[in-house]
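See below for the structure under consideration.
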Amino acid sequence: MTRARMRVSLGVALGAALMVAGAAAPGMSATPPTAASPDVAVAPAPPAGSTTASVSARTAAAAVTAKISLPPGSSVNGSITGTLTITHDGTSSEMRSGRITMVDPDGRELLGEQFVATGTPDTWTSTVPLPEDAAPGLYDVSLNATVAVTTDDGVTEVPIRTQTPITVPFRAQRNIPLIWTSPSSAPAGADLQVHGAANQRSLGTGEYEPATGQQVKLYFDPDGSAPEALRATLTTDARGYFTSRQKPGASGKWRAEMPQTDTGAKTVWTITSAERERTTTLRQGQVQASQGGYTAGDRLVTHDVVVGLAPVHRRVDVGSLNFSIGGRSGWVSAESRRAEGNYPNGYRMQRELVHAGIGTSHVTLTFNATLPAGVYDIGVRDAMKACGAPVWDGLEGGTSSCTHDVLVEDPTVTTVVVKRASSTTLTASKTSLPAPGTVKLSGEVRKVQLVSGGGAQERPAPNTTVEIWFDPAGSAEPVLKKTIKTGSTGTYSTNVTASGSGAWSAKYPGTNLQASSQAKVNISVG
């Protein structure tokens, strides 16, 4: 049979306790418990505030105000210590006897130690040891003490005891000591993984353990004026980990929050990720490997290359998959699939990984116009660490178990296409007509090409296809009007009929090795 318990506030209970025959208890007040709400850059801060209440009473010989304070609901560490403080109109006070007792959420009675002096006049503490399996939740707190107050008329004993148990919530302190994005920077349009690790401190032992089965809300606040938005509601696994694949669409700040519950205090962690501008095709791939029963992996993200006479530096971002992290040795390679120019056997480059934090690395590859154009295989070799169940060391044990070696290696995780640049110009004989009429369009196509003896130059492109498009003003789609070719000097000209206002374009469609280019001119009619 479950024992029914009547619960009252701390102030009401002490007020009832201090009422004696012929005495009133005016001015009762109470401060409710305060929950932790940290928002930090390294680790959640300790919670602030405590549960307090104070009451006043008068006997025939003395006026006494008693206050009992209990620690913040989420800072309990193996025991709960209550502090009893009194003020009075006597000359001194002394604790005759007394202690705090509690009934935990499982109905067990927990006996506190006798009140002891703190070294501060009129202040004593009683500590209630907690069992190792003490659960967070509502605790019924009872107080029974007798304080002797010395006045000019002698010594008066004042009983301070609760008539009905005080209900105080004690929440487990929860933390998100680690959150990271994998990778931390990526080209526009790429997705990334947001990982986190959460722990919870035991009320009974004060030790940290994985926060299992806890709800985590993931928010994203993009740079600029767009508002923060909820992106996912997650649940931590048996290791206290949570993860979500996201496409941010901008640079910004990620916020992971475990909301406050009856048994756990709220906690928050934030981190930023960056999105870079991209004008070529996005490329990404992933690879995993298993070793000794543990699995680790990487995802590579980059985009295609268009190279002119100046070198192009292309970043390849490497993000660890799931709960594994890059080691301190490894590289990314790029190897051409074709030979060309000064590279009759093709070309291969290799760059050491630059580790930028948990789960994220990158390299920078440099391409120039003399290297073979076409498809390059992008590979990786990463001596990684896979994570087992975390062994929490204070607040930073989320990756303390990432010690299991796994070699992740693949020469073709993804590809990039390298093309040499081209340029197209376009002019119109007329840009404004009073009525429909004929307009002459002319221009030139030039390409960055290898030259004999080595090196590259931008040269006119003879006998090259040029598409002539018309995009009418309004919502209508562009229309291909004709296809022509450049002459021996790389120039072209053609007559078109302008029957309405709009934009005329000349487009060189490009090849597998040469990038496309286009130019546009607006012509108004009428």
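The values are calculated or read from the model by the stated rules, or taken from the named source; none is laboratory data. Since the structure is predicted, the reported quantities are computational estimates derived from the model, not experimental observations. Glycine gets a Cβ as well: all are built from the backbone with ideal geometry, and neighbour counts include every protein chain shown. Calculation scope for accessible area: heavy atoms of the full protein, side chains included, ligands and nucleic acids excluded. Shrake-Rupley method; radii C 1.70, N 1.55, O 1.52, S 1.80 Å.
See the values below:
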read-out	value
Any hit, region 478-492, residues being of a type in the set (D, E, K, R) and farther than 26 Å from GLY526 by Cα	yes
Cβ-Cβ under 6 Å pairs, at least 6 apart or on other chains, region 449-461 side within 11 Å of THR370 (Cβ to Cβ) and part of a loop (DSSP other than H, G, I, E, B), far side open to solvent by 60 Å² or more (accessible area, probe 1.4 Å) and modelled with pLDDT under 95	GLY454/ASN342
Qualifying position, being free of Cβ contacts under 8 Å to residues at least 60 places away in the same chain, over 25 Å from SER202 (Cα atoms) and surrounded by 20 or more Cβ atoms within 10 Å (Cβ to Cβ), among PRO227, PRO311, PRO222, PRO248	PRO248
Only one of VAL375, VAL391, VAL417, VAL406 that is more than 30 Å from PRO460 (Cα to Cα), at pLDDT 95 or above and either in contact with a Pro (Cβ under 6 Å, 6 or more places away or on another chain) or among the β-branched types (Val, Ile, Thr) (or both)	VAL406
Whichever residue in region 475-493 is touching a residue at least 12 places away in the same chain (Cβ under 8 Å) and over 15 Å from TYR508 (Cα atoms) and, among such residues, is surrounded by the fewest Cβ atoms within 10 Å (Cβ to Cβ)	SER488
Flag if LEU143 is surrounded by 22 or more Cβ atoms within 10 Å (Cβ to Cβ), out of contact with any Gly (no Cβ under 7 Å at 6 or more places or on another chain) and within 30 Å of GLY107 (Cβ to Cβ)	yes
Residue among THR243, THR261, THR235, THR267 that alone is open to solvent by 40 Å² or more (accessible area, probe 1.4 Å), polar (S, T, N, Q) and at pLDDT below 95	THR261
Out of GLY78, GLY73, GLY137, sole residue that is in contact (Cβ under 8 Å) with a residue 60 or more places away in the chain, on the phi > 0 side of the Ramachandran plot and either in contact with a Lys or Arg (Cβ under 9 Å, 6 or more places away or on another chain) or surrounded by 23 or more Cβ atoms within 10 Å (Cβ to Cβ) (or both)	GLY137
Residues (in a strand (DSSP E or B), over 18 Å from VAL416 (Cα atoms) and in contact (Cβ under 8 Å) with a residue 40 or more places away in the chain) located in region 342-363	THR360, SER361
Count of residues meeting criterion [open to solvent by 20 Å² or more (accessible area, probe 1.4 Å) and modelled with pLDDT under 95] in region 324-335	3
Pick from region 146-160, criterion in contact (Cβ under 8 Å) with a residue 60 or more places away in the chain and open to solvent by 80 Å² or more (accessible area, probe 1.4 Å), ranking: nearest to LEU110 (Cα to Cα)	GLU157
Qualifying residue in region 422-440 (condition: open to solvent by 30 Å² or more (accessible area, probe 1.4 Å), in a strand (DSSP E or B) and farther than 30 Å from LYS482 by Cα)	no
